[in-house]
Number of protein chains: 2
Amino acid sequence: MTFSTYEYKERIRKTKESMTQKGIDVLLITDPANINYLSGYDGWSFYVHQMLVVIIDEEQPMWIGREMDANAAKVTTWLYRDNIIPYSDKYIHSDVNHPMDFVANILKEIGQENRNIGVEMENYYFTAKSYEQLKKGLPNASFRDATLLVNWVRLIKSDDEIEYMKKAAVIAEKAMMAGIHMIQEGVRECDVAAKIFYTQITGTKEFGGDYPAIVPLLPSGEKTSTPHLTWTDNRYKDGDAVILELAGCYRRYHSPLARTVQIGTPKDEMRILAEVAVEGINACIEMIRPGIVCEEIEETWRRTIEKSGFVKESRLGYSMGLNYPPDWGEHTVSIRKGDKTILQPNMTFHLIPGLWLDDYGFEVSESIRITEAGCETFANLPRNLTLKELV
Amino acid sequence: MTFSTYEYKERIRKTKESMTQKGIDVLLITDPANINYLSGYDGWSFYVHQMLVVIIDEEQPMWIGREMDANAAKVTTWLYRDNIIPYSDKYIHSDVNHPMDFVANILKEIGQENRNIGVEMENYYFTAKSYEQLKKGLPNASFRDATLLVNWVRLIKSDDEIEYMKKAAVIAEKAMMAGIHMIQEGVRECDVAAKIFYTQITGTKEFGGDYPAIVPLLPSGEKTSTPHLTWTDNRYKDGDAVILELAGCYRRYHSPLARTVQIGTPKDEMRILAEVAVEGINACIEMIRPGIVCEEIEETWRRTIEKSGFVKESRLGYSMGLNYPPDWGEHTVSIRKGDKTILQPNMTFHLIPGLWLDDYGFEVSESIRITEAGCETFANLPRNLTLKELV
């Protein structure tokens with residue numbers, strides 16, 4: 001097990017506290033990160049429906065999933081075997097049986113059909129159809145939107161979680177350095193991506209790496225004008241800039257990191273863009289401390305870059321830690337105008353002030369932890385535009 | 001672009017044909033594989049809401065997505081720039097603005113608010129909340145469930161798609177051999193996974209690899225009793241069996257493959273299980289041909305293994321090809337009892353008769369193409385339990 005039973009029980013306690021505040025008796029959790037957070041469950045089975053059921057007056061949650069995955073629940077969770085409930089394969093990708101019919105029947109059998117039921121309305125793993133089937137199967141239940149309920153419980157990390165993110169950062173640094181080292185005129189993009197993957201997963205001699213929730217993002221040349229392209233088997237050319245956004249991952253905990261590399265001589269506008277972005281992120285890291293409000297970070301960034309005439313419409317970062325594909329972000333706090341979250345120690349963010357213009361762009365980022373007095377970055381690599389002279 | 005504009009237009013034509021049959025005027029596509037299939041769009045941006053809108057009486061579909069991803073749509077799709085509609089970052093992970101509010105407004109602006117609108121009710125990337133917001137924003141529209149509409153259009157592959165899957169199979173073979181080669185007593189699981197990833201992404205000298213929709217699955221020892229565990233940094237021990245399920249991927253097209261390795265001497269029951277499963281899959285590959293019904297494959301399998309007293313409750317395989325995380329399966333045809341789909345040339349399946357018992361299991365699989373006369377496997381590797389003698 002990844003954490004002590006004590007830590008899992010504390011997480012359940014905090015979750016129930018939030019359920020009570022929101023008037024929720026039964027919480028149906030479908031977000032794989034939330035399932036892992038409360039139960040320890042870990043497996044690539046989230047492509048079929050699975051669920052953790054937290055009932056306010058029951059000590060342990062209940063795992064409901066596909067029969068072939070029940071042994072994975074036995075191996076990876078702290079739950080009693082009686083609380084692991086498998087459903088048959090006839091519910092898989094069927095147009096007549098839906099796993100939520102099974103879930104509704106279980107909830108009826110255990111007398112939960114008249115209660116206030118919380119569901120994660122805005123989650124990849126709770127489809128529109130899931131909600132329809134649950135409403136059909138439990139006509140007397142009252143449904144509440146419990147989107148992000150557990151995500152908010154995840155916001156402040158325990159010291160053990162911070163240790164995992166530090167290990168993830170060691171891997172992120174290694175993967176970034178491996179990628180930067182390889183990028184050169186004539187090298188294929190896929191070969192750089194392969195080396196990054198290898199480094200992410202092999203980890204260090206002391207500990208191995210887990211798969212990050214997002215694959216390495218590697219836009220180059222004109223494609224640096226947009227952040228979420230992956231790679232091709234094209235070869236880099238003299239003059240190409242390459243953005244690398246990647247994470248290290250240790251036991252599902254992430255430390256993301258972004259840097260930008262220039263092959264050959266940078267254009268003047270790229271040099272300027274890089275200097276502005278680095279000055280901006282440095283100013284933020286300087287001022288971040290507990291007690292300030294999230295949007296103040298964005299204000300510092302905005303005032304710093306506007307001196308050079310730059311404007312960034314998109315947010316500057318977000319809370320992150322434990323996660324599964326397709327995103328390492330927690331979807332709770334965003335570093336942007338209007339976010340009034342007060343920073344507290346052991347909150348963790350990916351601070352990523354990317355700037356994407358019409359045909360070029362620059363990214364630099366840090367994963368940070370709020371400390372007692374300020375903030376610290378998980379990784380420690382130079383932030384400037386990395387110049388790769390032609391060989 | 002990955003395919004000719006002609007091929008994309010043919011796909012749109014077939015999609016509209018199906019829309020007409022189902023009485024759908026406006027199809028809102030959120031499945032990233034379906035978006036890619038019809039537009040070419042490719043980027044890891046599906047962790048935020050994005051959509052392809054196919055309107056029955058408009059020539060081209062419309063892409064709606066996050067502002068910073070609009071340049072990715074310009075780079076990767078065949079769409080006119082006017083059909084690429086970005087929404088602002090204020091819609092991202094916000095509790096006041098939802099991207100479907102933006103979509104509803106666009107549909108109103110272009111006069112589509114009174115039509116029959118198809119939505120993918122059962123898809124990872126169409127949340128329960130998305131459906132609620134659309135209904136709220138378009139009270140006069142009539143919503144229809146269009147789950148799998150485009151997936152069914154994807155069922156029979158073009159010759160170009162088959163070529164991509166063949167390339168993916170070359171990568172899958174290489175990755176499988178690399179993994180098998182490395183597995184040995186004392187080796188860390190993560191180091192095997194890292195080598196597999198490296199091989200999947202670097203591909204061959206002629207073409208590079210893309211990221212598969214599922215990471216390598218590597219249960220070992222007692223954990224072979226369940227299929228969807230990934231890896232740890234533990235070291236393999238004498239007597240461990242290791243299941244490897246992985247895919248090669250070329251431009252989002254997959255060829256999955258599973259094999260089982262034994263370190264040291266196998267237990268008798270493992271030897272028997274392996275022989276039964278291999279006999280079963282061989283019998284299936286022998287009989288598969290166009291014109292038969294899908295469930296006949298399962299019957300052949302069942303009759304073959306029941307002679308040895310084995311029973312498998314879960315399905316035997318599924319249609320696959322183009323995909324994104326979290327699944328390479330197409331969610332249409334399943335190889336199981338009750339599936340009456342008639343096999344036709346250029347359908348492609350992952351035939352995966354895994355057997356998982358209480359504390360051990362065995363997997364062997366092939367990706368297959370239905371040919372004019374029978375079927376062919378994309379990869380070509382021995383199917384038996386691979387024995388790794390201790391060194």
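FYI, it's all coordinate maths here, none of it is from the lab. Since we're looking at a predicted model, the values are computed, not measured. Here Cβ is always computed from backbone atoms with ideal geometry, including for glycine, and neighbour counts include all displayed protein chains.
A few comments on the model shown:
- Shape summary: the stretch B:77-225 maps onto an equivalent ellipsoid whose semi-axes, from the alpha-carbon gyration tensor, are 43, 20, 16 Å in decreasing order.
- GluC sites (Glu not before Pro) restricted to the stretch B:292-391 and DSSP loop, no more than 14 other C-beta within 10 Å: B:E313, B:E372, B:E389
- The stretch B:186-318 shape via C-alpha gyration tensor axes, a/c threshold 1.5: oblate
- Working from the Cα coordinates of the stretch B:62-115, the gyration tensor eigenvalues give, after taking √(5λ), semi-axes of 20, 17, 6 Å in decreasing order.
- Pairwise Cα distances in the stretch A:5-153 exceed 28 Å for 9 percent of all pairs.
- Here each label is just a point 7 Å from Cα along the line to Cβ, and for A:R13 and B:R303 those points are 6.2 nm apart.
- In order along the stretch A:341-351, the phi-based Karplus estimate (6.51 cos²θ - 1.76 cosθ + 1.60, θ = phi - 60°) of 3J(HN,Hα) comes to 4, 8, 5, 9, x, 6, 6, 10, 10, 9, 9 Hz; Gly and Pro are listed as x.
- Exercise: per-residue mean of other protein chain Cβ atoms within 10 Å, A:147-155: 1
- Interchain or long-range residues, amide H under 5 Å from B:Y87's placed H: B:G65, B:R66, B:E67
- Near A:I24: Cβ cut-off under 10 Å, other residues only, Lys/Arg at +1 and Asp/Glu at -1. The net charge is +2.
- Each of A:V333, B:V278 was scored by other Cβ atoms within 10 Å of its Cβ. Listed from fewest to most, they are B:V278, A:V333.
- Between helix B:189-202 and chain B: long-axis angle, C-alpha atoms, 0 to 90°, nearest 10: 50 degrees
- Peptide B:310-320, shielding by other chains (average Cβ, 10 Å cutoff): 2
- Residues A:K16, B:K195, B:K307 arranged by fewest to most Cβ contacts within 10 Å: B:K307, A:K16, B:K195
- Cα gyration tensor shape of the stretch B:97-153, rounded if a/c is under 1.5, else prolate or oblate by comparing a/b with b/c: oblate
- Each copy carries a label point for B:P290 at 7 Å from Cα along the beta-carbon vector; from one copy to the others these points are 7.1 nm apart, nearest first.
- Charge tally around A:Y236: other residues with Cβ under 14 Å, Lys/Arg +1 each, Asp/Glu -1 each, net -2.
- Shape metrics for the protein assembly as shown, restricted to C-alpha atoms - Rg then Dmax, Å: 25.2, 79
- Shielding by partners - mean other protein chain Cβ count within 10 Å, residues of A:91-98: 4
- Arranged from fewest to most other beta-carbon atoms within 10 Å of their beta carbon, B:T341, B:T260, A:T147 become B:T341, A:T147, B:T260.
- Summed side-chain charge close to A:Q133 - residues other than A:Q133 whose Cβ falls under 11 Å, Lys, Arg +1, Asp, Glu -1: 0
- The angle between the Cα long axis of helix A:5-22 and the main principal axis of chain A comes to about 80°, on a 0 to 90 degree scale.
- Mean projected area of the convex hull spanned by the Cα atoms of chain B, taken over all viewing directions: 20.3 nm².
- Shortest-first distances to equivalent copies, position A:D359, nm, label 7 Å out along Cβ: 6.6
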